[in-house]
Amino acid sequence: MLIAFDSIRGTKLAGIDDDVGTIQDLLIDTDDWLSRHIVVDTGKWLPDRRVLLPPSILGRCDWQQRAIAIDLSQQQVKESPHVDSQKPVSRQMEMELFKHYDVPAYWGPAGVSLTTGTAMSMPLSAHVPAAEQQTIEEDLPPLRSAKEILNYSIEATDGDLGHVEDLIVDDATWAIRYVVVDTKNWLPSRKVLIAPEWVDAVSWTETKVHVDLTRDQIKNSPEYDPLTPINRGYEEHLYDYYGKERYWLP
């Protein structure tokens, strides 16, 4: 199911013995727009802690009840590695997190990602030469906060387009499927969707997302209504309009 990031934030995480907190943010791999970590607000039971959970441990999503089941106890979450909120998440920290939760890593030798929107991964036990292991440990993965990307300006090939209002997440893979663009500075009361594959570049210093589309293409594209669930028919219409290859086809 495709769900807006704005609707995901605040969703309860129900552990095996009690709630462990709510989803506060997602850490996105900017190489392939996959959510690599769930940032959890643990509330009063575990204050002043930045807790990260891998999406692979999340169970069934009940969006009507705004709850997701996880097969973890509060004690397991409490004993998870401490993550410094003032520092970027390092590869070494990711390795410690995956080891604690007993889940496979998502990267290959020398830190090369093996995923392109599916759940492929390499187990932590896979052999990695010592030199490459050192590279992985010292490397900083390309992770960015989903909240950070909100309100970034969108730049078309021929001028300003609007700003990022939201992100659309696939709850089966936790991939970012679409960027929601608010064009109100140019086209009043109109929102459109742009797939990450159509993004040319993201300038983190200028807080801009550059897309390989013209303003006229966006102007005439299928409109997005946040109150209407995104179905395959809408996606087919969107991809046909832009003449782009569909992500759901092999």
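The values are calculated or read from the model by the stated rules, or taken from the named source; none is laboratory data. Since we're looking at a predicted model, the values are computed, not measured. FYI the Cβ positions are ideal-geometry reconstructions off the backbone, even for glycines, and counts take in every protein chain you see.
Going by the conditions given, is Ser203 polar (S, T, N, Q), on the phi > 0 side of the Ramachandran plot and loosely packed, with under 14 Cβ neighbours inside 10 Å?
No; evaluated as a whole, the condition is false for this residue.
Have a look at Asp25, Asp32 and point out the one that is among the acidic types (Asp, Glu) and modelled with pLDDT of 95 or more.
Asp25
Tell me, which residue of the stretch 175-213 that is at pLDDT 95 or above and of a type in the set (Gly, Ala, Ser) is nearest to Tyr224 (Cα to Cα)?
Here the residue is Ala195.
So if I check each of Thr228, Thr207, which one is free of Cβ contacts under 8 Å to residues at least 12 places away in the same chain and among the β-branched types (Val, Ile, Thr)?
Thr228
Quick one: which of Ile154, Ile176 is among the β-branched types (Val, Ile, Thr), in a strand (DSSP E or B), buried (at least 18 other Cβ atoms within 10 Å of the Cβ) and touching a helix residue (DSSP H, G or I) at 6+ places or on another chain (Cβ under 7 Å)?
After ruling out the rest, the residue left standing is Ile176.
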